[in-house]
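Take a look at the structure set out below.
The values are calculated or read from the model by the stated rules, or taken from the named source; none is laboratory data. Please read these numbers as outputs of a predicted model, since none were measured by experiment. Cβ atoms come from the backbone with ideal geometry, glycine included; neighbour counts cover every protein chain shown.
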Amino acid sequence: MNKKFDIAKVCEKLSVIESDNDVFHFSKKNEKTPSVQRLKIIVDVLREIIFPGYFADEHLNRDNLSYYMGVNLDKVFQALSEEINRGLCFNCSSQNEQCTYCLDDCRDLTIQFLEKTSQIERNSKNRCTSFI
């Protein structure tokens, strides 16, 4: 059977927008969606923060650890707040181009999360030393 593929017909059918169809999402304010690649980088840097010296190439010691943590926490803060903002804006009902609700919320959420990294690190150390 040599059935011809009519790409134009398939595109036309896929392009029909029904009012009750939740599959489509159109940008209200030209927002970008969260980036999977950037989230992977964020997770990698978080691993370096929580487990210093295990996942980084840098030579760490007591003298540069605080600087190292500060640089990486700043990297994560900037990148994670941007990705959270993208996620919040994706579902934001505001049509206002200058909406600051998502921006304020993303910063607060990022701060709340980063403040818990020391607790995550402490819990990880306690679990690891209990096996020794």
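Remarks
- Scanning the range 56-94 for residues that are in a helix (DSSP H, G or I) and among the hydroxyl-bearing types (Ser, Thr, Tyr) yields Ser66, Tyr67, Tyr68, Ser81.
- Considering (1) basic (Lys, Arg); (2) modelled with pLDDT under 90; (3) surrounded by 14 or more Cβ atoms within 10 Å (Cβ to Cβ), the lone condition that Lys75 does not fulfil carries the number (2).
- Of the residues making up the range 41-69, those that are closer than 14 Å to Thr117 by Cα and without any contact (Cβ under 8 Å) to a residue 60 or more places away in the chain are Ile42, Val43, Asp44, Val45, Arg47, Glu48, Pro52, Met69.
- Hey, Glu82 modelled with pLDDT of 80 or more and surrounded by 15 or more Cβ atoms within 10 Å (Cβ to Cβ) or not: yes
- Residue that is farthest from Thr110 (Cα to Cα), among those in the range 26-56 that are at pLDDT below 90 and either exposed (fewer than 10 other Cβ atoms within 10 Å of the Cβ) or within 16 Å of the chain's Cα centre (by Cα) (or both): Phe26
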